[in-house]
Amino acid sequence: MEQNNLSYILHHMNEDELPKNAVSPPIFQTSIFCFPSFASFQEAITDEVNHSLYTRGNNPTIMLAEQKIAALEGGERAKLVSSGVSAIAHSIMAFVRSGDHVVCVEDCYSWTRVLLSSYLARFNVFVTFVEGTDPDEVIAAFRKETRVLYLESPTTLTFKLQDLPVLAAAARQRNIKSIIDNTWATPIFCNPISMGIDLVVHSGSKYLGGASDIIAGAIVGSRDDIDLIQKQEFLQIGTVADPFMAWLMIRGLRTLHIRMKAHYEGALAVAAYLEKHPKVKSVLYPMLDSYSQKDLARRLYKGGSGLFSFNLKTRKLEEVVHFVDTLRLFKRAVSWGGYESLIFPSAVKGGASGNAAFDDISLIRLHIGLEAAEDLIEDLDNALRCIG
Ligand SMILES: *Cc1c(COP(=O)(O)O)cnc(C)c1O
């Protein structure tokens, strides 16, 4: 019972024997670990997945972060890696070989799309992109060569949801690994493993870190799957998390449950404001009562994070630019998940696109940070006056 308690995991789990009675875990800033005997050295080399031998494989600070993330997601094990994209790449590549096929949602994170549509094509691995909102469409895309179903719910920019329990069961029946990018919901609001999904990936650069000061990734799943990923992908490629990053993530995790509640309340307030504004065409926040997939959203998520999109009514680029430039609290930037509010207009063209939603210049993505919602609403209200 205690094991499942959120604050136990975030504040106490595996921390009762810290050196010198420290309350904050030390940063094991070391590349190697020394052994008192031949036998203990041999034991560590034989089972590198469970021992600290060399920090490219394992390190106690990194392991502590992994144990907390695994417990949060309800998985047996987690692997912390250098970025969200390395978590995505390793989890997919561990289960495909030449001739295999992947089914993926079309509005996935842009670099996931590039990985699947061009990088993996070099190794004769092919992908079918599906919209994802209708389970029958996804299931119809399965072939006998399909090895991986890759989901991201909600999808990047367009916030389309997938029915995770239905798709997880359909994939399992066909011996297809199901993987989901759960960065948006975080383990606070959604635990896909409990819905039958095999592997969960996270960009820890977002809410798990929570302060816009680290790049990090995590993969969570069964002991067997994570061991396979560590032995067959991670040790060869070397996408190592460093101890200081892991320590900053542990620090970020201390407040994850509190921050997510605040992001949710802020996002609901701002989304509700925007929805009523005459210059706004539509708001894409799954937790709104008006959302097209609201019933599925309520089934999947205990709450929503601070990220959503909306469409302005205007189609004039200069009006969009003027609106974006007038904002003072919302900073113009990529990424999200920190304490600060951000705006990402799809009219800004990036290095990896392919998501057709980017073509609609009136589509704006907001991240609602931890500022007071009324201040953010005032900022938006002022900037929306720029639109004729
Ligand atoms: C940012 C992001 C990623 C990539 O993570 P990095 O840590 O930047 O490599 C993957 N998926 C989603 C949904 C993201 O927002």
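The values are calculated or read from the model by the stated rules, or taken from the named source; none is laboratory data. On a predicted model such as this, the values are computed, not experimentally measured, just so you know. Virtual Cβ from ideal backbone geometry, glycine too; neighbours counted across all protein chains shown. With ligands, DNA and RNA removed, areas are computed over all heavy atoms of the protein, side chains included. Shrake-Rupley method; radii C 1.70, N 1.55, O 1.52, S 1.80 Å.
Structure notes:
Conditions tested, residue by residue: (1) in contact (Cβ under 8 Å) with a residue 12 or more places away in the chain; (2) more than 16 Å from the ligand (Cβ to nearest atom); (3) of a type in the set (G, A, S); (4) open to solvent by 30 Å² or more (accessible area, probe 1.4 Å).
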| residue | (1), (2), (3), (4) |
| --- | --- |
| R122 | no, yes, no, yes |
| V130 | yes, yes, no, no |
| D134 | no, yes, no, yes |
| T146 | yes, yes, no, no |
| E152 | yes, no, no, no |
| L157 | yes, no, no, no |
| L167 | yes, yes, no, no |
| D181 | yes, no, no, no |
| G196 | yes, yes, yes, no |
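- The lone exception for D213 - which of (1) open to solvent by less than 50 Å² (accessible area, probe 1.4 Å); (2) within 20 Å of S335 (Cα to Cα); (3) in contact with a Leu (Cβ under 8 Å, 6 or more places away or on another chain) it fails: (1)
- Options D213, D224: the member that is within 14 Å of the ligand (Cβ to nearest atom) and acidic (D, E): D213
- Output for region 259-291, where each listed residue is open to solvent by 50 Å² or more (accessible area, probe 1.4 Å), within 30 Å of H322 (Cα to Cα) and in a loop (DSSP other than H, G, I, E, B): K276, P278, K279, S290
- Condition check for K68: part of a helix (DSSP H, G or I), more than 30 Å from N311 (Cα to Cα) and of a type outside the set (A, V, I, L, M): yes
- Answer residue from region 67-83, given it is away from the ligand (no atom under 16 Å from the Cβ) and in contact with a strand residue (DSSP E or B) (Cβ under 6 Å, 6 or more places away or on another chain) and is nearest to G204 (Cα to Cα) among those: A70
- Within region 147-258, helices (runs of 4 or more DSSP H) holding 1 or more residues that are of a type in the set (D, E): 223-229
- Some residue of region 312-329 being open to solvent by 20 Å² or more (accessible area, probe 1.4 Å) and within 16 Å of the ligand (Cβ to nearest atom): no
- Only residues that are assigned to a helix (DSSP H, G or I) and small (G, A, S) were counted in region 44-65, giving 2.
- Screening E233 on (1) in contact (Cβ under 8 Å) with a residue 40 or more places away in the chain; (2) under 30 Å from E378 (Cβ atoms); (3) not aromatic (F, W, Y) shows it passes everything except condition (2).
- Each residue in region 103-112 was checked for being away from the ligand (no atom under 11 Å from the Cβ) and either open to solvent by 20 Å² or more (accessible area, probe 1.4 Å) or modelled with pLDDT under 95 (or both), and 1 of them qualify.
Table: residues versus (1) within 20 Å of F244 (Cα to Cα); (2) buried (at least 24 other Cβ atoms within 10 Å of the Cβ); (3) more than 16 Å from the ligand (Cβ to nearest atom).
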position: S37; (1), (2), (3): no, no, yes
position: D47; (1), (2), (3): no, no, yes
position: S52; (1), (2), (3): yes, no, yes
position: N59; (1), (2), (3): yes, yes, yes
position: V85; (1), (2), (3): yes, no, no
position: D100; (1), (2), (3): no, no, yes
position: S118; (1), (2), (3): no, no, yes
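- Meets criteria (open to solvent by less than 70 Å² (accessible area, probe 1.4 Å) and either over 30 Å from G132 (Cβ atoms) or more than 16 Å from the ligand (Cβ to nearest atom) (or both)) for I92: no
- Some residue of region 359-378 being modelled with pLDDT under 95, open to solvent by 50 Å² or more (accessible area, probe 1.4 Å) and of a type outside the set (A, V, I, L, M, F, W, C): yes
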